[in-house]
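Since the structure comes first, as structure tokens, the remarks are kept for the end.
The values are calculated or read from the model by the stated rules, or taken from the named source; none is laboratory data. None of the values given here were measured: they were computed from a predicted structure. Quick reminder, even Gly has a Cβ in these numbers, built from the backbone with ideal geometry, and neighbours come from all protein chains shown.
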Amino acid sequence: MKRTGRPLCTRAAMYLPILAVLSCLLSAKAWAQEDSPAGQAPEQTPYTAPLDGRVRGQVQPELIEAGTVIDGKGNVLHNTRILLEKGRIVSVGPTVSAPRDAVVYDLSHATVLPGLIDVHVHITYNFGVTGRYDDTRETPEQRDLIYERSLWEMLMGGFTTVQSVGAPEDATLRDFVERGWIPGPRILTAYEPIFGSPQVGSDDVLRAKTILLQYEHADLVKIFASQSIRDGAGETLTLDQLQAICGEARKLGMRTLVHAYRGSVRNATLAGCTEVEHGTYATQDDLNLMAEKGTYFDPQVGLVIQNYLSHIPQFNGAGNLNAQGFEYMRRALSVNEKLFQDAIHTPGLKVVMGTDAVAGAHGRQVEEIIARIGLGQSPMDALISATSLNAESLRMSNEIGSIAPGQQADIIAVDGDPLTDPATLRNIAFVMKGGVVYKDMISAAAATH
Ligand SMILES: [Zn+2]
């Protein structure tokens, strides 16, 4: 067996993340242009040069020697080995043996977890090069590279899958990440949300919009059933209208995520929608109803509003991001904390982990997990939420969300123990996605001793 070394891009990435991304991208794109006819995905032939660890991660077996494993389903294992082949986990256990040519990652002093999942992000919400949220002079090239930077930041922050809810640009980013052309978490996207408004049209129009989203290759349907919290959070879709959209989506086999406050929480639940987002001003009865109906609930307490309020000069003046909007958000903070605590104490309610990360928050999504633990959720429950429960909500339990045979090799590690010190999640030291290592501050450091 060989001890680990780092792929070129990973090594550079530790010190110069943006430069490394760009150099990896340039090489990958040059390769793509040479070999693929316009508009077609190339064959998945391996790179001839070790661009990003892809060759090794997908051709050679890999073995992780893990000091502690938190498996994403509530179990803790010690001194365990994880064997990976072709980007998937093959076996997990103390006596697992590896083929002679396996690449070994020594994480025997670290805590290993499944790659984290965020069920609510906005990849395309960013500060421009001027630092402003509404940077009107941003060029398309700047915008595209900033999207790629956001993906890189999320991956480096331990997130190997994100659900973006959503913008049409997400679809290109999703496909490029999937092909290995740019580094980033695997992406699911709502493509374009359906917004409630007085001009929304008949139920037939709403059903047609839902069908159109499937045609446009959306992975899910995002619905705004309430105004923004910054505009007062009033209802914008009726129960009947939600039934039209969520009913149509169900027929198509698509999931529905509903941005909902106040009475919209109850309506979305009664309409059989898959997941309620935010939920501010929901009642205990609403929480009980979601539990009864099996509706996933994604409240936020740790990142999105705090991030808006800590970047006021950069957001101020963009749409409803004004003095009144910031005041509405400030008032929601304590309401959301109480709602979250009520939610985790509601028997049977499936509380998933989505951060609603916008500009300034990409890559810092663990703050939501840490805040939830600070409000009384057990660290294990918070981690289950961000891994296997989130995977279940995405209907991807067979692929991601736990460390078990058959799963994608999406594996991260931290130096400490997040069960006793959740803040250690701020220092993700190892990131592997699909068997490819993108960051390794642990085993590489040990190899130089
Ligand atoms: Zn959002």
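Considering region 118-142 alone, what residues qualify as being within 16 Å of the ligand (Cβ to nearest atom) and among the aliphatic types (A, V, I, L, M)?
Our first condition is that a residue be within 16 Å of the ligand (Cβ to nearest atom); within region 118-142, this holds for 118-126, 133.
Listed by number, the residues that qualify are V119, V121, I123.
Considering only residues that are more than 25 Å from the chain's Cα centre (by Cα) and polar (S, T, N, Q), which ones fall in region 276-296?
Matches in region 276-296: T283, Q284, N288.
If only one of G401, G416 is touching a residue at least 24 places away in the same chain (Cβ under 8 Å), more than 22 Å from W152 (Cα to Cα) and either of a type in the set (K, R) or part of a loop (DSSP other than H, G, I, E, B) (or both), which one is it?
On the way: G401 fails: more than 22 Å from W152 (Cα to Cα).
Testing whether each residue is touching a residue at least 24 places away in the same chain (Cβ under 8 Å), more than 22 Å from W152 (Cα to Cα) and either of a type in the set (K, R) or part of a loop (DSSP other than H, G, I, E, B) (or both) leaves just G416.
Criterion first (at pLDDT below 95 and more than 16 Å from the ligand (Cβ to nearest atom)) does V103 satisfy it?
Yes: the conditions hold for V103.
Answer with yes or no whether S385 is among the hydroxyl-bearing types (S, T, Y) and either buried (at least 19 other Cβ atoms within 10 Å of the Cβ) or within 25 Å of K222 (Cα to Cα) (or both).
Working: among the hydroxyl-bearing types (S, T, Y): yes; either buried (at least 19 other Cβ atoms within 10 Å of the Cβ) or within 25 Å of K222 (Cα to Cα) (or both): yes.
For S385, the condition - among the hydroxyl-bearing types (S, T, Y) and either buried (at least 19 other Cβ atoms within 10 Å of the Cβ) or within 25 Å of K222 (Cα to Cα) (or both) - is met.
I want to confirm something. Restricting to region 137-159 and keeping residues that are within 25 Å of H259 (Cβ to Cβ) and of a type outside the set (D, E), which single residue is surrounded by the fewest Cβ atoms within 10 Å (Cβ to Cβ)?
Ranking the qualifying residues of region 137-159, first place goes to R143.
What pairs come up if the first residue lies in region 285-297 and is more than 10 Å from T269 (Cβ to Cβ) and assigned by TED's automatic domain parsing to the domain that holds V265, the second is assigned to a helix (DSSP H, G or I) and of a type in the set (K, R), and their beta carbons are under 9 Å apart, counting only those six or more places apart or on different chains?
D285/R266
Specify which of the listed residues (V59, V129) is at pLDDT below 95, surrounded by fewer than 16 Cβ atoms within 10 Å (Cβ to Cβ) and assigned by TED's automatic domain parsing to the domain that holds V276. If you could, list the steps in order and put the result at the bottom.
On the way: V59 fails: assigned by TED's automatic domain parsing to the domain that holds V276.
Just one listed residue meets the conditions, V129.
Quick check on region 75-112: of everything there that is among the aliphatic types (A, V, I, L, M) and assigned to a loop (DSSP other than H, G, I, E, B), which residue is nearest to T420 (Cα to Cα)?
Taking region 75-112 and keeping what is among the aliphatic types (A, V, I, L, M), we get 76-77, 82-84, 89-90, 92, 96, 98, 102-104, 107, 110, 112.
From what is left, the residues that are assigned to a loop (DSSP other than H, G, I, E, B) are 96, 98, 102.
Working: V96: 28, A98: 32, A102: 33 Å.
The selected residue is V96.
Give me the helices (runs of 4 or more DSSP H) completely within region 199-305, filtered to those with at least 3 residues that are within 16 Å of the ligand (Cβ to nearest atom), of a type in the set (V, I, T) and buried (at least 24 other Cβ atoms within 10 Å of the Cβ), ordered by residue number. Break it down stepwise before answering.
Numbers: elements: 203-215, 239-252, 263-270, 284-293.
No helices (runs of 4 or more DSSP H) qualify here.
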